[in-house]
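To start, the structure under review is shown below, and the notes come after it.
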Amino acid sequence: MLGIVAKIGVITAVIIVIMVAFQVSSSIPQGVSATQRSQFTNPGFETGNLNGWTSGSTTSTLGDRSQSGTYSCHFDMSGTPATDYISQSADLTNAESISFWGMGESNSWPFSIYIDGTLVQTSHAVPNTWTHFTVPVSGYRGIHGVSVKWSGGPGTYGADIDDFSLS
Ligand SMILES: [Ca+2]
């Protein structure tokens with residue numbers, strides 16, 4: 001008899017938990033996801049190429065040194081900022097910041113970040129160490145051209161970048 005009472009108690013508790021869970025889930029407004037953000041196309045270069053990006057002639061992808069996944073974008077040491085760059089248009093309306101990871105080959109040369117062709121930040125790469133960089137963009141609304149250029153060349157040092165995101 002006591003066993004049956006205990007079982008009924010457990011079943012009642014389970015039903016209450018299910019009802020509470022249903023009420024919580026149904027109270028979340030449908031169709032209103034967290035703030036809608038556009039993201040970069042091919043942000044981590046995992047297509048193995050620069051699809052989605054406009055890039056300079058000494059800019060490519062490499063498959064042996066990514067921050068995550070398999071591929072990263074590589075700025076060759078033979079290039080200059082005119083040829084070691086990538087660029088993509090992004091909707092910055094709901095973005096607080098752009099972030100990406102960068103790594104220099106051997107010395108602390110800068111990545112230069114441009115929005116619509118205007119230099120907004122210079123961030124120095126750490127030699128042989130992936131480093132996370134953040135660029136504040138809360139003042140921007142709408143679609144803007146985002147570019148990163150590398151200033152380690154020509155003939156000195158290359159660099160890699162990976163994993164762009166808007167947050
Ligand atoms: Ca990657």
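The values are calculated or read from the model by the stated rules, or taken from the named source; none is laboratory data. Keep in mind the model is a prediction, meaning the values are calculated, not measured. Neighbour counts are summed over all protein chains in view; Cβ atoms, including those assigned to glycine, are modelled from backbone coordinates with ideal geometry.
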Name the single residue, out of those in region 40-64 being polar (S, T, N, Q) and not in a loop (DSSP other than H, G, I, E, B), that is nearest to Trp101 (Cα to Cα).
Thr61
Looking at (1) at pLDDT 95 or above; (2) more than 16 Å from the ligand (Cβ to nearest atom); (3) more than 19 Å from Ser38 (Cβ to Cβ), which one does Trp130 not meet, given that it meets all the others?
(2)
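Which ones in region 60-78 are more than 19 Å from Thr131 (Cβ to Cβ) and buried (at least 23 other Cβ atoms within 10 Å of the Cβ)? Spell out how you get there, then give the answer.
So in region 60-78, the residues more than 19 Å from Thr131 (Cβ to Cβ) come out as 60-61, 63, 70, 76, 78.
Scanning region 60-78 gives no hits.
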Please list, ordered by first then second residue, the pairs with beta carbon atoms under 6 Å, 6 or more apart or interchain, first in region 65-76 and under 11 Å from Gly102 (Cα atoms), second within 6 Å of the ligand (Cβ to nearest atom) and part of a loop (DSSP other than H, G, I, E, B).
Ser72/Phe45; Ser72/Ser66; Cys73/Phe45
Only unsatisfied item for Trp101, checking (1) away from the ligand (no atom under 16 Å from the Cβ); (2) among the hydrophobic types (A, V, I, L, M, F, W, C); (3) surrounded by fewer than 20 Cβ atoms within 10 Å (Cβ to Cβ), is (1)
Count of region 128-167 residues which are within 22 Å of Gly56 (Cα to Cα) and assigned to a strand (DSSP E or B)
17
